[in-house]
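Below: one structure, written as structure tokens.
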Amino acid sequence: MTIDLSRGPIRKNLILFSLPLIAGNLLQQLYNVVDTLIVGRFLGNVALAAVGSAFSLMTLLTSLILGLCMGSGVVFSQLYGEGNPERMKSAMVNAFGLIALCSLVLEVAVYALLPRLIALMNVPAEAAPAMREYLLVIFSGLVFTFLYNYAAAVLRAVGNSAAPLAFLLLSTLVNIALDLLFVLGLNWGVGGAALATVIAQGASAVGILAYWAIRARDLLPARRHMRLNLPLIRRVAGISVLTSLQQSIMNFGILMIQSLVNSFGIATMAAFAAGVKIDAFAYAPAQDFGNGFATFVAQNTGAGNPERVRRGLREAALLSLSFCLMVSALVFVFARPLLTLFIDPAETEVLAIGMRYLRVEGVFYVGIGLLFLLYATYRGLERAGMSVVLTVISLGLRVLLAYAFAPRFGTTAIWLSIPIGWFIADTVGLLGLTREPRIRP
């Protein structure tokens, strides 16, 4: 099913297009949550701490690929909105080559630098071997990350967000089954959890490519499209590299926070690992609604419809912020039972730290919800540089405040630094939109 976001009822089409994106991201989060749940409950706090830190590093590095795919998808959406399928297919071919080359370089660099990356994260000695084992396996799946996200970007650009969801559902079921087999049945430890995820990612990549070849043949490039097109490469690279940079800055800031958290010991590492997983589920719908809104902005900008972009921004803000307020209330009330999904109830110290994290940071999800919409708006307008600026403000302030005040005020300073960064970046982003001619009436 495809949805043309350049016409029809705005709210209904935004919701229909975004729902598969939201469900898809929740399934992607489930990849890592299944690993975390099984590792935390059956392999102990040291293994949980190792997998939690590994997740932060993995997210940083794979965000390079995700950012390139997301940025390329904006160009595809704009060309689709313009009604220019020939140029869109040429852009697809050139973008594929660019992202494939970057993925290959990243794969080589990761394995060459892995020991240094682990050392930079201040991982306690008892957790380092498990973290290394997990990462050695998980990074073998980078090629699947590239293939799935590239194909998903193409399909979503033309309004098809349902097909990528179907193959994520398949891979999630595979992941759960293999986690149970490898970790509980075969006792392969954290390496088994990582292998389950890689195989599941491979299933989603193969599945979506087969769907594209069989059910979406009208989107397949022909030989005439397979030529180097420097103007298109510059256009795709201009937004893709900036989007990738934004994603990397975001996750680099998170990695620095993870490093600071690690310095407080295994209990804090385990609590933070569980809390971050809850965060990922809590505001994932707002994040993916924002990603859907980027396609809306791109299609309508390509179609030359600024009034629809303005109306869409108002509708999107109302939906996203209402959702974030509701989720903050739920996380505050149910912090303890949510944490016990990952942490043994007997681990009272870890639970206490995790509850403090969720009840400080979690009540401010409205800040990140608005920031996701701002990122999406600027990306859809091909102003990805502004998204980078907002990310630097948000993450830079978070890191500066956390490192400045944590030595004196402890982990509470780290938790508070997160929403402070969100809200200041929101303020800058909203002021920027008042000067954007394609948004301003």
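Just so you know, all these numbers are worked out from the coordinates, no wet-lab data involved. Since the model is a prediction, treat every value here as computed from it, not as a measurement. So basically every Cβ, Gly included, is an ideal-geometry build from the backbone, and we count neighbours across all protein chains shown.
Could you let me know the centre-to-centre spacing of the stretch 356-434 and the stretch 184-198, using Cα atoms, in angstrom? Measuring centre to centre over Cα atoms gives 35 Å. Modelled label positions at ASP4 and ARG224, each set 7 Å beyond Cα in the direction of Cβ, lie 2.4 nm from each other.
Comparing SER244, SER161, SER90 in a Gaussian network model of the chain where C-alpha atoms under 10 Å apart are linked, the largest mean-square fluctuation is found at SER90.
When the chain is treated as a GNM with alpha-carbon contacts under 10 Å, the residue of ARG308, ARG215, ARG223 showing the greatest mean-square fluctuation is ARG223. Take the Kirkwood radius over Cα pairs of the stretch 290-421, plug it into Stokes-Einstein at 37 °C and 0.692 mPa s, and you get 197 µm²/s for translational diffusion.
Taking the C-alpha atoms only, the angle from helix 266-302 to the longest principal axis of the chain is near 10 degrees. The largest-to-smallest principal axis extents of the Cα set in the stretch 127-215 are 44, 23, 17 Å. As a calculated quantity, the FRET efficiency between ALA100 and ARG435 at R0 = 45 Å, using C-beta atoms, amounts to about 0.75.
Which of LYS277, LYS89 has the fewest other C-beta atoms within 10 Å, and how do the rest follow up to the most? Don't jump to the answer; show the numbers that get you there.
Details: LYS277 24, LYS89 21.
In increasing order of surrounding Cβ atoms, one gets LYS89, LYS277.
Of the listed values [x] 19.6; [y] 20.8; [z] 22.5, grab the one calculated as mean projected area of the Cα convex hull in nm² from the structure here. For mean projected area of the Cα convex hull in nm², the calculated option is [x].
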